[in-house]
1. Just for the stretch A:91-107: of the residues that are touching a residue at least 60 places away in the same chain (Cβ under 8 Å), in a loop (DSSP other than H, G, I, E, B) and at the interface with another protein chain (Cβ under 7 Å from one of its Cβ atoms), which one is farthest from residue B:240 (Cα to Cα)?
2. Failed condition for residue B:296, given (1) in a loop (DSSP other than H, G, I, E, B); (2) within 21 Å of residue B:34 (Cα to Cα), with all others met?
3. Examine the stretch B:84-94 for a residue that is at pLDDT 85 or above, of a type in the set (Asp, Glu) and within 30 Å of residue B:211 (Cα to Cα), and state whether such a residue exists.
4. Does residue B:256 satisfy the condition of being surrounded by fewer than 18 Cβ atoms within 10 Å (Cβ to Cβ), in contact (Cβ under 8 Å) with a residue 60 or more places away in the chain and either of a type in the set (A, V, I, L, M) or within 13 Å of chain A (Cβ to nearest Cβ) (or both)?
5. For the stretch A:49-60, name all the residues that are closer than 18 Å to residue A:8 by Cβ and in contact (Cβ under 8 Å) with a residue 40 or more places away in the chain.
6. If you go through the stretch B:76-87 one residue at a time, do you hit one that is without any contact (Cβ under 8 Å) to a residue 60 or more places away in the chain and over 25 Å from residue B:275 (Cα atoms)?
7. If you take the residues of the stretch B:12-37 that are crowded, with 16+ Cβ neighbours inside 10 Å and at pLDDT below 80, which of them is farthest from the chain's Cα centre (by Cα)?
Amino acid sequence: MTLLSVRDLSVSFTTYGRTTQVLHDVSLDVPACSQIALVGESGSGKSVTMKAIMGLLSTPPARINSGQIFYDGEDLLTMPPARRMALRGTAMSMVFQDPMSSLNPVFTIGDQLGTILKYADRRLGRQRGRAGRRARVAEVLAQVRMREPERVAGSYPMQLSGGMRQRVLIAMALLSEPTLLIADEPGTALDVTTQAQILKLLKDLVEAKDLALLMITHNLGVVRETSSYVYVMHKGRVVEEAPTERLFAAPAEQYTRDLIAAVPRLTGPALTAATGEAARQGGGAP
Amino acid sequence: MEYLVFLVRRLLWSLLVLFGLSVVIFVIARGMPGDPARMALGPTASADQVAQLRETMGLDLPLVTQYVRYLGGLAQGDLGRSLLTGRSVSADISDTFAATFELVLATILIAFVVGLPLGVMAAQWKDRWPDNSIRLFALLSAVTPTFLLALLLQILAGYVLHVLPTTGRLPIGAGFSADITGLVTVDALLKGNWAILGEGLRHLILPAFALAAASVGQVALTTRASMIDVTSQDYVEAARAFGVPERVRVLKYMLRPALVAPMTILGLSFASLIGNAFVVELIFAWPGMASYGVRTILQKDLNAVMGVVMVSGAFFVMVNLAIDVATGLIDPRVRLGGRS
């Protein structure tokens with residue numbers, strides 16, 4: 001069954017009197033318990049798609065011109081705002097990208113996670129006291145493999161390493177036991193070794209908890225590691241979709257071939273003249 | 001622990017600043033043309049009398065010896081004798097300082113209680129009419145000269161509308177002595193004397209608002225700028241994505257990191273606040289240290305002038321130290337050092 005379904009979504013931005021359409025009839029599906037990737041270069045519209053799903057677009061300047069976003073059969077765009085608020089951060093939740101800037105520098109980790117949990121509880125009508133919240137925060141921090149969850153909860157972000165902060169961001173997304181996790185290039189701000197650990201952790205958690213994952217990234221290596229089905233975005237359109245294995249084996253679109261050709265490789269044959277040149281002339285590949 | 005080191009270091013710097021201030025003010029006082037002894041005794045005194053007073057005041061000693069004696073006195077809280085009142089300067093200052101302290105405290109309170117909400121509102125409605133009117137108001141209150149505003153308020157509230165008293169700390173003959181803290185309002189509160197508390201507040205309103213206007217404008221504009229800066233931070237968006245209500249986002253997640261800038265600005269502008277207090281105290285006949293300072297300057301009462309400058313300097317340093325402590329409590333980045 002399809003958990004999240006985006007149908008023909010079109011979004012435009014109006015700034016200084018000029019309107020630019022940034023999404024053209026974007027459609028994508030995230031079935032329950034599946035791992036889906038949305039890949040594209042900077043400016044391809046993947047972040048706008050994510051923000052539209054999460055309800056984070058500021059309107060104005062943004063405007064959703066047409067389309068539907070179904071979550072569990074309900075259209076997020078037409079449901080009452082209170083209902084949508086109740087879903088956000090609880091049923092569907094997000095792993096933020098930048099561990100350096102996504103945590104408030106002046107509150108402890110425990111305070112920030114506790115506050116999020118408190119209002120999530122309130123929206124869902126759950127009863128949980130301060131001690132209960134503290135226990136839940138420690139539990140989730142332990143799930144993201146923090147060795148001393150209590151100590152981490154009492155720390156300020158600046159006292160933690162980048163990798164630990166990124167794990168805190170994952171813990172933040174898991175607080176209210178979501179069914180859908182949207183991950184916005186987690187770990188791109190970290191060194192490659194730490195990023196690999198973060199992705200591994202995320203994948204393990206998603207599989208252990210049977211969550212659906214929508215991974216938004218510009219990195220085809222990440223796509224290969226974390227997804228079973230891929231949507232490729234370019235200039236505000238979904239240009240290709242395929243199961244991950246097939247996409248890498250037999251890309252249908254020229255743009256996808258260029259993207260794959262742009263991935264640096266250490267083994268195998270050298271780039272063919274055709275794909276290599278195309279990637280360079282296109283100038284858009286990451 | 002790191003915080004303690006930070007505080008101790010700030011305290012030592014403060015002492016160094018005060019030492020430097022004492023050197024500067026001493027050199028200026030002694031270097032000024034005119035003989036303090038002659039000025040004290042007047043033009044009719046004989047040369048012998050003047051020489052005798054110079055000896056009593058220690059003015060005949062070498063400058064360095066004079067300075068060491070001055071510093072020794074300072075360390076014991078002895079600021080010398082005032083030529084104007086004939087009493088010890090420290091007694092004069094301790095009689096008048098409380099009134100100034102009360103005025104300045106009320107001013108800082110107003111600067112924050114009025115300035116902060118204005119800044120927050122302006123940032124919330126950025127570039128719309130509430131923001132534009134708040135910015136205009138803040139700019140006007142920041143640039144209006146304090147003496148002009150003081151006079152306007154006095155005329156408007158006192159002589160046109162007859163709603164507020166325009167001089168002094170309490171009505172004449174109120175028979176209340178602020179002998180606990182020296183602050184009329186605080187002492188009235190402690191003694192449970194509501195009538196005097198009301199009168200004290202009524203007398204405080206005009207001078208405090210006249211003095212606070214510039215700071216209100218500054219605090220509002222700085223708060224606005226730093227709130228807008230914080231608005232675009234990822235952590236604010238993250239809080240929104242996780243459904244933290246807007247009220248909590250603005251008043252907790254945004255205001256607290258945004259507080260450091262207006263507090264620092266207020267600490268820095270505290271010097272001009274003390275300068276303006278001289279004018280405000282004169283206009284409202286507020287019996288504070290500032291108006292005492294003005295009288296002693298006009299009389300060239302050097303010991304008293306030096307005393308007032310030293311106490312004002314110490315006041316400035318203490319306020320900034322207090323602000324450092326407060327920002328350290330508000331923002332752990334200040335307290336825990338600049339590691340990122």
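The values are calculated or read from the model by the stated rules, or taken from the named source; none is laboratory data. Just so it is clear, the model here is predicted, and its values are computed rather than measured. All Cβ positions, glycine included, derive from the backbone under ideal geometry; neighbour counts span all protein chains shown.
1. A:98
2. (1)
3. yes
4. On the way: surrounded by fewer than 18 Cβ atoms within 10 Å (Cβ to Cβ): yes; in contact (Cβ under 8 Å) with a residue 60 or more places away in the chain: yes; either of a type in the set (A, V, I, L, M) or within 13 Å of chain A (Cβ to nearest Cβ) (or both): yes.
So residue B:256 passes the test.
5. Those that are closer than 18 Å to residue A:8 by Cβ and in contact (Cβ under 8 Å) with a residue 40 or more places away in the chain: A:49, A:50, A:52, A:53, A:57.
6. So far as the stretch B:76-87 goes, yes, one or more of its residues are without any contact (Cβ under 8 Å) to a residue 60 or more places away in the chain and over 25 Å from residue B:275 (Cα atoms).
7. B:37
Condition check ((1) modelled with pLDDT of 90 or more; (2) over 21 Å from residue A:89 (Cβ atoms); (3) at the interface with chain B (Cβ under 10 Å from one of its Cβ atoms)) across all residues:
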{"position": "A:120", "(1), (2), (3)": "no, no, yes"}
{"position": "A:125", "(1), (2), (3)": "no, no, no"}
{"position": "A:129", "(1), (2), (3)": "no, no, no"}
{"position": "A:132", "(1), (2), (3)": "no, no, no"}
{"position": "A:154", "(1), (2), (3)": "no, yes, no"}
{"position": "A:158", "(1), (2), (3)": "no, yes, yes"}
{"position": "A:185", "(1), (2), (3)": "no, no, no"}
{"position": "A:197", "(1), (2), (3)": "no, yes, no"}
